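The structure appears below as structure tokens.
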Amino acid sequence: MANCNRCWQEIRWLRDGLKPDGNARFLPLDADGTPHRCPAGSVLTSRPSTTVQIPQPYTPLVVADEVNQRIERLQEQLDENLATLGTIRGQAVQKAVEAAQALTLETLHTLRAAVNADLITAQRRIVAEAVEAAKAQVPVEHHLYIHNGVEKKLEHVRPHFRFEELVTLASLHKPVFMVGPAGGGKTTAAEQLSKVLGLQYREVSMNPATSAWDLMGFKNQTSGAWVPGVVEPCVRSGGVMMLDEMDKADPTCLPAMNTLMANGRATFDGELVQVHKDFVLVAGGNTYGRGADRVYVGSNQLDGSTLNRFATVNWDYDEDAEPDWTGRDQLDWVKRVQAIRKAVWGFNMRYIISPRASIDGARFLRIKVPQAKVEEWLIWNGMADEDQVKVRNKLGDR
């Protein structure tokens, strides 16, 4: 604060830029803030720092002009700042747009690749189904070569993958013992063998009540007439003789055929008969003649001298041929049965899920029996509840 030298009125100074000579220029203001009017050149008795000449009198118009100029400069600066901000904002928006476009393109490429993969998978599945459907319509021919070079042809029948071994051994007149799980097609293979060899077919279902007399014949004690056994016609005239379920037989009855198998002759009603050159003996069983196991509890231990006269062929399930035996129109059903079988085997359960389930189930399904009912009849009804739950969970059934 200071006092004017002329009027001694208290005034205050407002610094207002610089004078042309570089000294500070002050604007004297009265207490109410209006410019102080005093003649130029008066010296103040009290000054801010040094003796300062009071500038020319200021008027409100001059102050307003300067304020307007300052406002204009501020407006210009604001406009410049806004322009700069607009530029920065535009660049940021442009970068964001470019980033979004790049992300969109990447996402589009990813989606396109996924769609293409799905299309390729679907196309392959359609082609595979078409091929399977075409295969089902094409007649199947299987050619077999007998040891003497004769070619045999099976039409519309797919044999077991071990069938050629059976044909080779039978054509060499070696008795064959087919051993495998129930429903594996052993009896069917014996019938097919007779057709391939062009021979008549006979079979007998062996059981503990089957006697040596049933096989080889006997003399009626009342009439004295000779009663031929089931084997004699084939021995005399040739043919395929099938001893089905041989491991269920009484082991004491089978040695009656040992001489026939080893030496090629047999005695009927006191007559020594040479075995016909086209006589073929085959047998089937679920065990190897060593006695019962956990599944086939009715099997017996067979005499070693009998077993030694047979060539043994392992007759497992042929899952590749199973769809052909069933009919390829029921391929989904066959896959279902095989999946259940695999699960049962995986849990070491004592249940038989054989190709019979596939073949019989396909017949039922063709006459529109619901699949749930077919499974109940052929699979689930013979299984303990807790085992059924395990198997169904393994298959993902709901």
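Computed values, structure above
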read-out	value
So VAL297, is it β-branched (Val, Ile, Thr) and touching a Phe, Trp or Tyr at 6+ places or on another chain (Cβ under 8 Å)	no
Count - residues of segment 288-345 that are part of a loop (DSSP other than H, G, I, E, B) and small (Gly, Ala, Ser)	7
Filter pass, TRP333 being aromatic (Phe, Trp, Tyr) and farther than 28 Å from VAL131 by Cβ	no
Residue within segment 197-204 that is over 27 Å from ASP303 (Cβ atoms), out of contact with any Gly (no Cβ under 7 Å at 6 or more places or on another chain) and either modelled with pLDDT under 95 or not assigned by TED's automatic domain parsing to the domain that holds GLY304 (or both) present	yes
Condition met for GLY238 (more than 18 Å from VAL176 (Cα to Cα), modelled with pLDDT of 95 or more and more than 34 Å from the chain's Cα centre (by Cα))	no
Candidates GLY289, GLY298, GLY361, filtered to the one that is surrounded by 14 or more Cβ atoms within 10 Å (Cβ to Cβ) and more than 19 Å from ASP397 (Cβ to Cβ)	GLY289
Test: VAL273 is at pLDDT 95 or above and either basic (Lys, Arg) or surrounded by fewer than 22 Cβ atoms within 10 Å (Cβ to Cβ) (or both)	yes
Tally, over segment 160-178, of residues that are within 16 Å of ASN286 (Cβ to Cβ) and over 33 Å from the mean Cα position of the chain (by Cα)	3
LYS368 being on the phi > 0 side of the Ramachandran plot and surrounded by fewer than 16 Cβ atoms within 10 Å (Cβ to Cβ)	yes
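The values are calculated or read from the model by the stated rules, or taken from the named source; none is laboratory data. None of these values were measured; they are calculated from a predicted model. With ideal geometry, Cβ positions are generated from the backbone for all residues, glycine too; neighbour counts draw on all protein chains shown.
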